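A.B. asks: This is the structure, below, for whatever I ask next.
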């Protein structure tokens, strides 16, 4: 018997949140990724809940503290072994891209104009979820960290070619965002036009742990016959919980900036985010369609724990040798000098993720073929990935998925996830990127630009009652 | 035997497809042998398509700065024409020992007494008969003629240098007044007895030898005699006359066992009429013995005029013109500059009345001290002093045809050969002699004569038309490449580009040789230089264009470790003067910018680099 769990008020709330989230996309967002795409269609996994708030697991769960749900990912658009290491033309082994045998044009063509690499970590410290009444409630305390590095293509061009010219390396940047996430979620089925639609929402209270950003406003490198010169200027922003930088003002050495800080005891920075999701089925439940919008929110970094300033113009130059004194005419700053300004509180958007998934199942859901579109909205760029997956459910307590992500990876990179979820344990392990081509000696995939690893261990709780609104 | 539960077994059956798929994936996974990460070659090449980096810049070096930094203080700016000249000046004194002549002792001989026969003379012959007692009374007056003669035949020592003695100014060597004293011949007469009351001498005539010179007004140069009208005899050793002697002349110079001597020969004659009166009795005639005395003090010789043959080489020692600071600045390297000829001014103050003629020999030495071809300045004449006043002779040695006012021109056509190669020093030898046929006047002071000389050598830094320069310098780089082999650096086709701008009046080319410790060229390191630094003709106002030099450095296999064999780098600059009269002025300059081009980049092993 189906129970009508449609909550009009909740639906309106969800729509309003979505609109607000779309509006906030105009503000510079920064977010944390680390979502296991291969797990999206694995109903028994706990990890898929992070990708769509509407997903209802088979059972409740209690994550093993600290080690119950860990995800580590490296995402880049240029870091592939084959692009930086090449077979040694003189024999066995490999040479770096800086070897003379590696054609400069060939190497540089493999890079993007702006190259980025991001390391993200998502660790669940505490997490549990359970069915109660007409809702599936979930709670979690996560530690989320993401550090990204942006390297302009000109940097590699200088290193490889060293040709005379003027190079703009202003896209150099580093950013690190770290915060605690208190998650409270609820998911429940509703009926829309007599169609059951599972909807869910999660509210995340965020506590900023630390934020750092260094970006080069200008980094000009000039190589010519008279002088090799690099002029750099930039700015930095930092925010560290419980730290007080209020006594730091004006020009100083960067090293002093790092050392001369005091403990304030104030956490200061907080944020709010939402996950919204919906899932439904068609074609006699063979086609599962879902949409999830995650990390729609912000963190307001408090100025009490903030420090920001300008990196004073740094100039390095080499102009050859003074033939009179026979000494190099070389200039470099004695120290990195910065000018610390008045800090301001900054509100930064998280990197929102939009997951659109569809899965067609056969043989009573023993096999399903899924298609997941994942788009992430970051401040500097927007990335999209399309993942095909073959999901195998030979029995109720085991799911295995083979996936392949298009766009960023060429053929030869697959994902694999395994989830064993009997009544007494829920174990998950997965990698979205498994190469088919490995290097010799050290088993590093040659063609992959991204990789991730997920691990989960949880204690299953009770299933929803058979007569509840969750039953199908 | 383990029995699986039915649910597990069923699950495994159904998992077959999945497992098959996983295994298929696993089967198709492969290890790419080409990517053996056990062997990662960290050899890196920077700028494989060629890298250009600044090597250095020679800031604008003006000639003023170059010469100022060179420590060559003797390079002065010639304010007349605005160009530089190397100036060396010095003075020195050569001491010549004076010609000394020993005093002539006892020149005049002793006279023998003579008997004067007196007999009554005619009173009429006594026109000025004095108030003699008894006049009017017939008192016999006796008269007679006295005549004396003696011969001088004496010698006195002369210096060996004296060839002929025309005149010698004499003084009384016994007088405390020294050379200002005038010796006198004193003639006296003495009768051995005086049987008369009065006596006088009249018509006294004294003839001296022609070699004696007197400035007495009474002395007759033509007859070499002096006449005295009358002298009354007043007693023994009555002075008859004093004859001043100022000199002796035309003395034959002879050589005997003792050396050079002056031979004095001649006669001294005296005649006089003697009148006596007041003789007791009727004496009509008598004979008296008259002893003349002619004395002359020792004659010192203060000046001589004659011909001498001085051995000037004994006195005139060579002097040296040093180019110490210039040779130090050049650091001992050979430098051919082909400069225009120097101008040499020599001023000689000659205190002696001897003219000197001959030549001046200029012997240059190269920077290593080896003699170069000498230059001889012939036809040199140092004028003799006039009297006691020294005389100054100014010589101007040049290859030009004119000398400045007041200078005597000593033209040497090939004088520029003296500085074809920059010398470390020039030895100046005075090959002078006196002319034995020329008469000289010498003050015989007994002191030494200081021959003062000073010279000025002005060497313009101006090049002859079409002159070439050749300068070689060697840089010691023995310690520069000691550790280069640690980094296994490889760089082929190394090019050093030099862009230079010069307003020097020289077009310069460069060759470079890399030498091992034994001085032999290192075969594994060869440099080839193309291009030259163009010179700029003086007087052309346009700014000079930029010249390009390229030094192509070929190292065997591009292995920079070969540079360890290099102990020295020898750089040879060869150039040609641009324009006529190319000279160096303060504002001329040279500036250069050097660029290093590694046409195939530079390769190094990062592993080796980090391990060091």
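A.B. asks: Under the condition of being at pLDDT below 85 and in a strand (DSSP E or B), which residue from region A:410-431 is nearest to residue A:392 (Cα to Cα)?
C.D. replies: Let us first name the residues in region A:410-431 that are at pLDDT below 85, namely A:410-414.
With in a strand (DSSP E or B) added as a condition, the list becomes A:413-414.
Details: A:413: 19, A:414: 15 Å.
That would be A:414.
A.B. asks: Sticking with this one: I'd like to know if region B:46-65 contains one or more residues that are modelled with pLDDT under 65 and more than 8 Å from chain A (Cβ to nearest Cβ).
C.D. replies: No.
A.B. asks: Does any residue of region B:576-596 turn out to be in a helix (DSSP H, G or I), buried (at least 16 other Cβ atoms within 10 Å of the Cβ) and at pLDDT 85 or above?
C.D. replies: Checked against the condition, which is being in a helix (DSSP H, G or I), buried (at least 16 other Cβ atoms within 10 Å of the Cβ) and at pLDDT 85 or above, region B:576-596 yields no hits at all.
A.B. asks: Within region A:384-391, does at least one residue satisfy the condition of being away from chain B (no Cβ under 13 Å), surrounded by fewer than 18 Cβ atoms within 10 Å (Cβ to Cβ) and within 19 Å of the chain's Cα centre (by Cα)?
C.D. replies: yes
A.B. asks: Here's something else I'd like to know. Tally up the residues in region A:65-83 that are at pLDDT 90 or above and more than 23 Å from the chain's Cα centre (by Cα), please.
C.D. replies: Number satisfying all stated conditions: 0.
A.B. asks: Looking at region A:221-243, is at least one residue part of a loop (DSSP other than H, G, I, E, B), away from chain B (no Cβ under 14 Å) and either more than 28 Å from the chain's Cα centre (by Cα) or under 24 Å from residue A:295 (Cβ atoms) (or both)?
C.D. replies: Looking through region A:221-243, at least one residue is part of a loop (DSSP other than H, G, I, E, B), away from chain B (no Cβ under 14 Å) and either more than 28 Å from the chain's Cα centre (by Cα) or under 24 Å from residue A:295 (Cβ atoms) (or both).
A.B. asks: Name, by its number, the condition in (1) in a loop (DSSP other than H, G, I, E, B); (2) within 59 Å of the chain's Cα centre (by Cα) that does not hold for residue B:163.
C.D. replies: (1)
A.B. asks: Can I ask one more? Taking residue A:54, is it more than 9 Å from chain B (Cβ to nearest Cβ) and farther than 25 Å from residue A:293 by Cβ?
C.D. replies: no
A.B. asks: Looking at this structure, is residue A:125 more than 9 Å from chain B (Cβ to nearest Cβ), part of a loop (DSSP other than H, G, I, E, B) and touching a residue at least 60 places away in the same chain (Cβ under 8 Å)?
C.D. replies: no
A.B. asks: Collect the residues in region B:597-611 that are assigned to a loop (DSSP other than H, G, I, E, B) and more than 11 Å from chain A (Cβ to nearest Cβ), keeping them in residue-number order. First the steps, then the outcome.
C.D. replies: As a first pass, look at region B:597-611 and keep what is assigned to a loop (DSSP other than H, G, I, E, B): B:599-601.
Listed by number, the list holds a single entry, B:599.
A.B. asks: With the requirement that a residue be surrounded by fewer than 18 Cβ atoms within 10 Å (Cβ to Cβ) and outside any loop (DSSP other than H, G, I, E, B), what does region B:270-285 give you?
C.D. replies: Filtering region B:270-285 down to residues surrounded by fewer than 18 Cβ atoms within 10 Å (Cβ to Cβ) leaves B:271, B:278, B:280-285.
Selection gives B:271, B:285.
A.B. asks: Now for a separate question. Among B:220, B:192, B:215, which is the only one that is under 23 Å from residue B:274 (Cβ atoms) and under 60 Å from the mean Cα position of the chain (by Cα)?
C.D. replies: B:220
A.B. asks: Quickly run through region A:421-471 and pick out the residues that are touching a residue at least 12 places away in the same chain (Cβ under 8 Å), within 29 Å of the chain's Cα centre (by Cα) and within 10 Å of chain B (Cβ to nearest Cβ).
C.D. replies: Quick first cut of region A:421-471, residues touching a residue at least 12 places away in the same chain (Cβ under 8 Å) only: A:421-437, A:439, A:444-465, A:467-470.
Those left that are additionally within 29 Å of the chain's Cα centre (by Cα): A:421, A:425-437, A:439, A:444-460.
If the condition is that a residue be touching a residue at least 12 places away in the same chain (Cβ under 8 Å), within 29 Å of the chain's Cα centre (by Cα) and within 10 Å of chain B (Cβ to nearest Cβ), then A:434, A:435, A:436, A:437, A:439, A:444, A:445, A:446, A:447 are the ones that fit.
A.B. asks: Next question. Look at region B:507-526 and say how many of its residues are farther than 20 Å from residue B:479 by Cβ, over 42 Å from the mean Cα position of the chain (by Cα) and crowded, with 18+ Cβ neighbours inside 10 Å.
C.D. replies: 0
A.B. asks: If residue A:163 passes every condition in (1) assigned to a strand (DSSP E or B); (2) touching a helix residue (DSSP H, G or I) at 6+ places or on another chain (Cβ under 9 Å) but one, which one does it miss?
C.D. replies: If we test residue A:163 against (1) assigned to a strand (DSSP E or B); (2) touching a helix residue (DSSP H, G or I) at 6+ places or on another chain (Cβ under 9 Å), just (1) comes out false.
A.B. asks: Test each condition in (1) over 16 Å from residue A:37 (Cβ atoms); (2) touching a helix residue (DSSP H, G or I) at 6+ places or on another chain (Cβ under 8 Å); (3) surrounded by 16 or more Cβ atoms within 10 Å (Cβ to Cβ) for residue A:361 and report the one that comes out false.
C.D. replies: Failing condition for residue A:361: (2).
A.B. asks: Cβ-Cβ below 8 Å, separation at least six or inter-chain, first residue in region B:28-55 and on the phi > 0 side of the Ramachandran plot, second at pLDDT below 85: which pairs?
C.D. replies: The qualifying pairs do not exist here.
A.B. asks: Kindly provide the set of residues from region A:59-116 that are within 14 Å of another protein chain (Cβ to nearest Cβ) and in a strand (DSSP E or B), ordered by number.
C.D. replies: Step one: of region A:59-116, the residues within 14 Å of another protein chain (Cβ to nearest Cβ) are A:80-108.
A:85, A:86, A:87, A:94, A:95, A:96, listed by residue number.
A.B. asks: Find the residue count for region B:335-362, including only residues that are under 21 Å from residue B:469 (Cα atoms) and under 16 Å from the mean Cα position of the chain (by Cα). Steps first, please.
C.D. replies: Step one: list which residues in region B:335-362 are under 21 Å from residue B:469 (Cα atoms), which gives B:335-343.
Now restrict to residues that are under 16 Å from the mean Cα position of the chain (by Cα): B:342-343.
Total meeting the criteria: 2.
For every residue, the table says whether it meets (1) within 19 Å of residue B:108 (Cβ to Cβ); (2) modelled with pLDDT under 90; (3) part of a loop (DSSP other than H, G, I, E, B).
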| residue | (1), (2), (3) |
| --- | --- |
| B:196 | no, yes, yes |
| B:200 | no, yes, no |
| B:204 | yes, no, no |
| B:209 | yes, no, yes |
| B:222 | no, no, yes |
| B:226 | yes, no, no |
| B:234 | no, yes, yes |
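The values are calculated or read from the model by the stated rules, or taken from the named source; none is laboratory data. Everything numeric in this text was worked out from a predicted model, so none of it was measured. Cβ: placed from backbone, ideal geometry, glycine included. Neighbour counts: every protein chain shown.
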